[in-house]
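Just below is one structure, and these are the notes that go with it.
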Amino acid sequence: MGTYQQRVVDQELTGALRRAGATLIEGPRACGKTETALQAAASVVHLDRDSAMRELIDVDLSLILAGETPRLIDEWQIAPELWNAVRGEVDTRQATGQFILTGSTAPATDLTRHTGAGRFARVRMRTMTHWEMGWSNGGVSLKDLMNGETPRATAPDVSFGQLTQRLTQGGWPGFRSLSAVDASANLADYLDTVATVDLRMADGVNRDPLRVRRLLTALARSVGREATITTLARDETSLTRDSVRDYLSALERIFIVEDQPAWSTHLRSSATLRKEPKRHFADPSLAVAALNASPQALQRDPAFTGQLFESLVVHDLRVFSQPLRGTVSHTRDSAGREVDAIVSLPNGDWAGFEVKLGSSKETLDAAAVSLLNFAQQVVNAPVSLNVITLTGPSYRRRDGVNVIAFNALCP
């Protein structure tokens, strides 16, 4: 525990334990859920490791729940009946902070709707951000940007080669000490396990692992882009559209993919907003692994690396906006105006973000004009407009658009 790396969700977990009897931490396998939960837990049951505890499930379920609180039940989905047991115990004790459940599979909708409401707080956890990995100096806060504050920071330069190494390695806590090549090899094994084991364990449905891998490859080619179900079916070549929907739903349930929804707002013009989501993996490194790519291959394909960089920025914006109860969407209208990422808050405040690998004057000017043109069409004005670049200074331009270096961004 002495080497635990602080995570953005730590404070959210503290708040969840304060307000609810049980807290569910959910996210992809190996993103660090257990280690984060252990920082707050007073006792723990590892269902995936402790065979004696698994045997108790059919004998005396209450013994699994007995222990100092908060009681961590790791990988609870191995015994789905625990959900109702925890819910009943929360009702009996009438106290907050009793249980922490971690899981790499989302609970069935009927469980959360009928037996979880009012008893469970849910905390979504993702892989580590650039800032959590120590690659950002934290000079620019998303919270400050959402308050309309002017950024003013410098950050260490990041080369294109360094970026491709980081995109290949990803934000996986257990791979921090590995080279990009070794991390990518582990992620290839990770995807094989997804295709052969994890999807079936999620809902008991047998799916063809070869088709799962082909769909993952199709998703990887479309990472950070709007790809319709028809496009994915055509790219995969052997699945019907209904089957693609089923496979995607299963991948979402084990947190391997996470769509970026289209933004819904009111426009001043007669243009209509597109509704297709952008496709993302839980971490862009999974897209690299699905394509069996290397840092050197990414360096030879700047356009695709740009897609991955946009996906990485969206990933980090999701993590940073979560404590603000924010959501991250994208937008594109029928006139061709688009914004890579929109962070919107419950009170209606929103900020627009364009993501650019380059930071030349021409690139920044074009991105700023695009943001300003779109903002003029929206009924409620943005709190900030921002161009996120890989490196360089962070500042506000004369036209009011902020330029933000990604390696300065933090919560």
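3J(HN,Hα) along the range 355-372: 10, 9, 5, x, 9, 5, 4, 5, 5, 5, 4, 5, 5, 5, 4, 4, 5, 5 Hz, from the Karplus curve 6.51 cos²θ - 1.76 cosθ + 1.60 with θ = phi - 60°, whole Hz, x for Gly and Pro. Annotation: for a label point projected 7 angstrom from Cα along Cα→Cβ of E35, residues of the range 265-284 with backbone N closer than 19 Å are 282-284.
Against the chain, whose longest principal axis is taken from its Cα atoms, helix 241-253 shows a tilt of about 70°.
For the chain, the longest principal axis of the alpha carbon atoms and the long axis of helix 180-193 meet at an angle near 50°.
The alpha-carbon of K278 sits under 12 angstrom from the alpha-carbons of these aspartates and glutamates, leaving out residues fewer than 8 places away in its chain: E226, E258, D259, E310, D340. Applying 1/(1 + (r/R0)^6) with R0 = 25 Å to the Cβ-Cβ distance of A303 and S264 gives a FRET efficiency near 0.30. Note on the range 295-403: antiparallel DSSP beta bridges, both residues inside, total approximately 60 percent of the bridges counted. Under 5 Å from the amide H of G21 lie the amide H atoms of G97, each residue being 5 or more positions distant or on a separate chain, with H modelled from the backbone and absent for Pro and chain starts. Taking amide hydrogens as placed 1.01 Å from N in the peptide plane, the amide H of R119 sits under 5 Å from that of no residue at least 5 positions away in sequence or on another chain. Karplus-based coupling profile of the range 138-149, in residue order and whole Hz: x, x, 10, 9, 4, 4, 5, 4, 6, 9, x, 6, with θ = phi - 60° in 6.51 cos²θ - 1.76 cosθ + 1.60 and x standing for Gly or Pro.
The trypsin sites (Lys or Arg not before Pro) of the range 16-51 meeting both criteria, a DSSP state outside H, G, I, E and B (loop) and at most 16 other C-beta atoms within 10 angstrom of the site's C-beta, are R49. Computed 3J(HN,Hα) for the range 5-18, one whole-Hz value per residue from the Karplus formula 6.51 cos²θ - 1.76 cosθ + 1.60 where θ = phi - 60°, is 8, 4, 10, 4, 6, 4, 5, 5, 5, 4, x, 5, 5, 6, glycine and proline marked x.
Relative to the longest principal axis of the C-alpha atoms of the chain, give the angle of the C-alpha long axis of helix 209-221, reported between 0 and 90° and rounded to the nearest 10°. Computed tilt is about 30 degrees.
For D208 and R225, calculate 0.36 nm times their separation in residues minus their Cα-Cα distance, and state this gained length in nm to one decimal.
3.6 nm
Annotation for the range 344-394 versus the range 1-68: alpha-carbon center distance of 39 Å.
FRET efficiency for R19 and A335, Cβ-Cβ distance as r, R0 = 41 Å, nearest 0.05? According to the calculation, E is roughly 0.40. Normalised by the number of residues in the chain, the mean separation of alpha-carbon contacts (under 8 Å, six or more apart) gives a relative contact order of 18 percent.
What is the list of residues in the range 277-298 whose amide nitrogen lies under 14 Å from a point 7 angstrom out from the Cα of D48, following Cα to Cβ? None, by backbone N distance to the label point.
The trypsin sites (Lys or Arg not before Pro) of the range 292-348 meeting both criteria, a DSSP state outside H, G, I, E and B (loop) and at most 14 other C-beta atoms within 10 angstrom of the site's C-beta, are R300, R325. Distance between the pseudo-spin-label points of N137 and N292 (7 Å out from Cα toward the beta carbon): 4.1 nm. Sorted fewest first by neighbouring Cβ atoms within 10 angstrom, T272, T389 come out as T272, T389.
Spin-label pair A185-R274: with each label point 7 Å from Cα along the Cα-Cβ axis, the two points sit 4.0 nm from one another. Once backbone amide H atoms are built at 1.01 Å from N, L390 has F406 as its partners under 5 Å, excluding neighbours fewer than 5 places away on the same chain.
Against the set (i) 69, 46, 46; (ii) 64, 54, 51; (iii) 163, 52, 45, the structure's computed Cα extents along the principal axes in Å falls on (i).
Laboratory data are not the source of any read-out in this text; all were calculated from the coordinates shown. For clarity, every value in this text was computed on a predicted model and none was experimentally measured. Cβ atoms come from the backbone with ideal geometry, glycine included; neighbour counts cover every protein chain shown.
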